[in-house]
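Worksheet: the structure to be examined is printed underneath.
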Amino acid sequence: MTSPDLLPSLRFLVRGLLVLFWGLPITLLACVLIATAELPRALGFLPALVSTGLLLYGLFELTRFRPQEREWRAALERALLLGFTLFGLSPFVYFWSRMPSEDYYLQSLVALAFMGLVFVYQLNHVLQRLAAMLPDETLRADTLFFTQVNLTIMILAGVLAGTYHALNRMDALPPVLLETLDLLEGFRPRLTLVVLLVLLPISMTMSLLWKMKDTVLGMVYGARS
C-alpha cells in the first residue's frame with residue numbers, strides 16, 4: 001500500500017517518465033531532420049531547443065520524487081548536467097546544416113552526438129536507481145537486465161566510433177582496414193550500425209520508461225482502492 005503522503009510526488013514521477021518517453025524520439029527526430037532536410041530548417045534551431053528542453057523538463061519532474069534519497073538524487077543531478085549540455089549544444093545542428101564545411105560546427109555536432117549517447121547512458125543509471133525504489137521485483141530484474149544490455153551497446157558504440165574516427169585520421173593503413181573503411185562509407189552499412197547502436201538502446205530505454213510509468217500508476221490506484 002502506498003502512503004497517501006507519497007501520492008503527490010508519484011504524480012510528478014509519472015509526468016516525468018511520460019515526458020522523457022516522448023522526449024527521446026522527438027529529440028532524435030528533430031536533430032536528424034534539421035541536419036538532413038530543408039523544410040525543418042525554416043524553423044531555425046527552435047525544434048532542437050524545444051526537444052532537448054523536453055528532456056530537461058522530464059528530469060526536473062523526476063527530482064520531485066523522493067529528493068531525500070542521495071543516490072537517486074545524485075544520478076538525477078548528473079543526468080540534468082548532461083541535459084543542460086545537450087540543450088546548449090543543440091543549436092549547432094542547425095548551424096552545421098547551413099555551413100557544413102565549417103570545422104567548428106562539425107566538431108560541435110560530434111560533441112552533441114557524443115553527449116547524447118552519454119545522456120542516454122546516464123538515464124539508464126537513473127532508471128536503475130528508480131527501479132530499486134519501486135516495490136516490483138519483476139520490474140527491478142527487467143530494468144537491471146535491459147539497462148546492462150543498453151550500457152554494453154552504448155559503450156561498444158563509443159569504442160567503434162572512436163576507432164573509426166582514429167583510423168580515418170591515420171595516413172598509412174593495411175589494405176584490410178582500408179577496405180573496411182570503404183565499406184563503412186556506404187549508406188546501408190552505416191544505417192545498420194545506426195539502427196543497432198543508437199536506435200536499439202533508445203527503444204529499450206523508452207520501453208523501460210513506459211513500464212515504470214505503468215508500475216507507478218498501479219501504485220497510485222492501489223493506494224486509492
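A few notes on this one:
- Inspection of the range 105-122 finds no residue satisfying the criterion of being of a type in the set (A, V, I, L, M), out of contact with any strand residue (DSSP E or B) (no Cβ under 6 Å at 6 or more places or on another chain) and under 20 Å from Thr215 (Cα atoms).
- Among the residues making up the range 38-56, those that are part of a helix (DSSP H, G or I), free of Cβ contacts under 8 Å to residues at least 40 places away in the same chain and not polar (S, T, N, Q) are Leu39, Pro40, Ala42, Leu43, Leu46, Pro47, Val50, Gly53, Leu54, Leu56.
- Residues of the range 93-135 satisfying the condition of being free of Cβ contacts under 8 Å to residues at least 24 places away in the same chain and outside any helix (DSSP H, G or I): Met99, Pro100, Ser101, Glu102
- Restricting attention to the range 26-37, the residues being closer than 24 Å to Tyr121 by Cβ and part of a loop (DSSP other than H, G, I, E, B) number 0.
- Residues within the range 63-77 that are within 12 Å of Leu13 (Cα to Cα) and either in a helix (DSSP H, G or I) or among the β-branched types (Val, Ile, Thr) (or both), tallied: 1
- Lone unmet requirement of (1) over 19 Å from Met154 (Cβ atoms); (2) among the small types (Gly, Ala, Ser); (3) loosely packed, with under 15 Cβ neighbours inside 10 Å for Ala111: (1)
- Extreme residue, nearest to Pro67 (Cα to Cα), among residues of the range 27-45 that are surrounded by 16 or more Cβ atoms within 10 Å (Cβ to Cβ) and modelled with pLDDT of 85 or more: Thr27
- For the range 130-144, the criterion of being on the phi > 0 side of the Ramachandran plot, modelled with pLDDT under 90 and surrounded by fewer than 17 Cβ atoms within 10 Å (Cβ to Cβ) is met by no residue.
- Which numbered condition Phe95 misses (of (1) over 13 Å from the mean Cα position of the chain (by Cα); (2) farther than 17 Å from Ser108 by Cα): (2)
- Every pair of residues 6+ apart whose Cβ atoms lie under 9 Å, when the first sits in the range 70-92 and is at positive phi while the second is part of a helix (DSSP H, G or I) and surrounded by fewer than 16 Cβ atoms within 10 Å (Cβ to Cβ): none
- Filter result for Leu80 (in a helix (DSSP H, G or I) and at pLDDT 95 or above): yes
- Test: residue in the range 4-25 that is more than 30 Å from Met133 (Cα to Cα) and in a helix (DSSP H, G or I): no
- Filter pass, Phe84 being of a type in the set (Phe, Trp, Tyr) and buried (at least 16 other Cβ atoms within 10 Å of the Cβ): no
The values are calculated or read from the model by the stated rules, or taken from the named source; none is laboratory data. This is a predicted model, so every value here is computed, not measured. Here the Cβ is made from the backbone with ideal geometry for all residues, glycine too, and neighbour counts use every protein chain on show.
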